[in-house]
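Novice: Quick one: the structure is below, and I'll ask about it shortly.
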Amino acid sequence: MMRKALIGSAILLAVALVVLLFAGGIHHPKEYLDPWERSYHEGFDDPRLQTVAFGLLAPSSHNIQPWTVRLEEDGLAFTLFVDPKRLLPEVDPLSRQIVVSQGTFLENVRIGAEELGFTPEIDLFTEGEIDPEGSASSMETRPVARVALVPGEARRSPLYGAIFDRVTTRTPYLDRPLTDGEVQKLLDLSGEPGVAVLIFQEKADLEAIRDLAVRGIEVESELSGPMRETGEIFRINEGEKNLHRDGLTLDSQGMPGLLQALVQGFGTIIPLGDERMADSWRKGEVERLERTPAYAIIVTDANSRTDQVRAGIVYQRLQLAGTVMGISMQPVSQVLEEYPEMGALYLEVHERFAGEGETIQMLVRMGEAEKAVGHSPRRDVMDLIAG
Ligand SMILES: Cc1cc2nc3c(=O)[nH]c(=O)nc-3n(C[C@H](O)[C@H](O)[C@H](O)COP(=O)(O)O)c2cc1C
């Protein structure tokens, strides 16, 4: 009798596991990871498409991938635009992070173009800057950059390989400060006019930043608009990742594979809902902030759209250089966001860490990650090409 019951329970458990694993999409091939293959760009003959294949591996706010590329009719040039259909109006009402995310793309394009034997000429805002409000019409008519690929000699940047290895790592980091040499290397690699990088490791600074960041997360987690926006772009299972090939996933948190597959299945069958998701996000972030040995702040002299793009270029360099050295990073952007409920914390972080007239464009936790994490989805190159 007892034995039968045990066998029955074991069968039930096995069935439940299989149902969860299939609901989570374990049977789907991970097509959304194709662009991370080192040879992916070779699938395109046009070197402009090849460089776009490097660009789209860049980090972007919420992994929204806000990039549209228009190929010019003659010659090897293209223009990069913000895709006005890919914005985050709740957390980023002025599209500042969206514009920072253009800089990360351009830095990958630059490094990739050099690898292919071109000297890229990258001119920012050739038709004038996107307006400060981030209107769709200004995004549609004013390119962020014109990129011309001028044939030259192939040059391998020491950061090239990191384009494929870089990942936003949302795990606790080890209690090991960066060495002076590491800090210096990061700073050396990240120059750009009007942009400064500050790295903090002193106890008092760490505590002040952590306190601000935690309060920022608390504010955001209580707000239905930002939480809905984040929930909408969260891809809970493999099917959703393949369908959208953008957005946030569980892959960056370093869960063991089977556990992640089960959590994905569970979340598919019984969706968490915005409130519980906010709660789980807040708890995870607070734990990660507590286990962070260093923070970086990227600050610009002013806050023009050009400054924002340059901040993105610097962030990408910083993260690529960190990747080479085994230093992981995760931006923590909440206190830098421009919606009214964040106003007091925005002021506080600027009063403490920025000079008169300066804008903090990125706040980033840094350190050696406790474990490796997986890549997030990327769209196909051709999805970025207009027309
Ligand atoms: C401007 C900007 C702001 C970001 N802010 C955050 C943030 O507040 N929290 C976070 O966990 N990741 C943040 N990220 C990281 C993105 O979510 C991440 O790049 C994206 O999900 C793609 O993942 P990947 O970097 O691993 O390729 C930010 C990235 C950029 C470029």
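Read the figures in this text as sums done on the coordinates, not as results from a lab. Bear in mind that the values here come from a model prediction, so they are computed numbers and not experimental data. When we count neighbours, we look across all protein chains shown, and the Cβ atoms used for this are built from the backbone with ideal geometry, even at glycine.
Novice: Would you kindly derive the ³J(HN,Hα) couplings of region 62-75 from the backbone phi angles with the Karplus curve 6.51 cos²θ - 1.76 cosθ + 1.60 (θ = phi - 60°), listing them in order in whole Hz, with x for Gly and Pro?
Specialist: For region 62-75, the Karplus curve yields 6, 6, 7, 6, x, 10, 10, 10, 10, 7, 6, 5, 10, x Hz.
Novice: Sticking with this structure for a sec: Only residues of region 240-263 count here: report those whose backbone N is under 16 Å from the spot 7 Å along Cα→Cβ of Val19, or say none.
Specialist: Only 262-263 pass the distance filter.
Novice: Taking every eigenvalue of the Cα gyration tensor of region 257-387, multiplying by 5 and rooting it, what semi-axes result, largest first, whole Å?
Specialist: Working from the Cα gyration tensor, I get semi-axes of 29, 21, 19 Å.
Novice: Under Stokes-Einstein, with the Kirkwood radius over Cα pairs standing in for Rh, what whole-number D in µm²/s applies to region 130-170 at 4 °C and 1.567 mPa s? Provide the component values of the computation, followed by the final result.
Specialist: Numbers: Rh = 14.3 Å.
Rounded, D is 91 µm²/s.
Novice: Using the per-residue mean of other Cβ atoms lying within 10 Å as a proxy for protection, in what order, highest first, do the peptides 92-100, 2-10, 226-234, 165-173 fall?
Specialist: Details: 92-100: 24.8, 2-10: 8.9, 226-234: 18.3, 165-173: 20.6.
With the highest mean Cβ count within 10 Å placed first, the list reads 92-100, 165-173, 226-234, 2-10.
Novice: Sticking with this one: Evaluate the distance, in nm, between pseudo-label points positioned 7 Å from the Cα of Leu347 and of Phe266 along their respective Cα→Cβ axes.
Specialist: 4.3 nm
Novice: Further question: Taking all pairs of different Cα atoms in region 167-367, averaging 1/r and flipping that mean, what Kirkwood radius in angstroms comes out?
Specialist: 18.0 Å
Novice: For Lys283, give me every one of the aspartates and glutamates with a C-alpha distance below 15 angstrom, ignoring sequence neighbours fewer than eight places off in its own chain.
Specialist: Answer for Lys283, where 15 Å is the Cα cut-off: Asp211, Glu218, Glu220, Glu222, Asp274, Glu275, listed by chain and number.
Novice: So, one more: Calculate, in nm to one decimal, what Arg70 and Arg38 gain on full extension: separation in residues at 0.36 nm each, minus their alpha carbon distance. Write out the running numbers ahead of the final one.
Specialist: On the way: separation 32, 0.36 × 32 = 11.52 nm, distance 2.41 nm.
Here the answer is 9.1 nm.
Novice: Counting only residues 5 or more places away or on other chains, whose amide H sits under 5 Å from the amide H of Ala145 once H atoms are built in the peptide plane?
Specialist: Those lying under 5 Å, H to H, from Ala145 are Leu80, Phe125.
Novice: Taking R0 as 51 Å, what's the FRET efficiency between Val150 and Thr179 from their Cβ-Cβ distance, rounded to 0.05?
Specialist: Values: r = 39 Å, r/R0 = 0.76.
Approximately 0.85, to the nearest 0.05.
Novice: Also, I was wondering about something else. Can you give the Kirkwood hydrodynamic radius of the chain from its Cα pairs, in Å with one decimal?
Specialist: 21.8 Å
Novice: Turning to a different aspect of this structure: Determine Rg/Rh for region 112-196; Rg is computed over alpha-carbon atoms and Rh is the Kirkwood hydrodynamic estimate from the same atoms.
Specialist: Taking Rh as the inverse mean 1/r over Cα pairs, Rg/Rh reads 1.08.
Novice: Mean separation of Cα pairs under 8 Å and 6+ residues apart, divided by the residue count of region 1-84: what relative contact order is that in percent?
Specialist: Computed over region 1-84, the figure is 16 percent.
Novice: Between Thr141 and His244, what is the spin-label point distance in nm, taking each point 7 Å from the Cα along the Cα→C-beta axis?
Specialist: 3.2 nm
Novice: What is the set of long-range amide H partners of Ser328 at a cut-off below 5 Å, with H atoms built 1.01 Å from backbone N?
Specialist: Residues meeting the amide H criterion: Gly367, Glu368, Ala369.
Novice: Sequence gap at least 6, Cα distance under 8 Å: using those rules, report the relative contact order of the chain to the nearest whole percent.
Specialist: Worked out over the chain, it gives 27 percent.
Novice: So how do 351-359, 332-340 stack up, highest first, on mean other-Cβ count within 10 Å?
Specialist: So the order, starting with the most tightly packed, is 332-340, 351-359.
Novice: Tabulate in residue order the Karplus-calculated ³J(HN,Hα) for region 126-136, using 6.51 cos²θ - 1.76 cosθ + 1.60 with θ = phi - 60°, rounded to whole Hz; enter x for Gly and Pro.
Specialist: Once rounded to whole Hz, the list reads 5, 10, x, 6, 4, 5, x, 7, x, 5, 4.
Novice: Could you work out how far apart the two model spin labels at Ile385 and Glu287 are, taking each label as a point 7 Å from the Cα in the direction of the beta carbon, and quote it in nm?
Specialist: 4.4 nm
Novice: Subtracting the Cα-Cα distance from 0.36 nm times the residue separation, let me have the gained length for Leu259 to Asp46 in nm, one decimal. Can you show the working numbers first?
Specialist: On the way: separation 213, 0.36 × 213 = 76.68 nm, distance 4.13 nm.
Roughly 72.6 nm would be gained on extension.
Novice: Relative contact order for region 167-367: what percent, with Cα pairs under 8 Å and sequence separation of 6 or more? Don't jump to the answer; show the numbers that get you there.
Specialist: On the way: 272 pairs, mean separation 74.6, N = 201.
Once divided by the residue count of region 167-367, the mean separation gives 37 percent.
Novice: Please give the direction-averaged projected area of the C-alpha convex hull for region 1-94, in square nanometres with one decimal. Walk me through the intermediate numbers first.
Specialist: Numbers: hull surface 43.2 nm².
If you wrap the Cα atoms of region 1-94 in a convex hull and average its projections, you get 10.8 nm².
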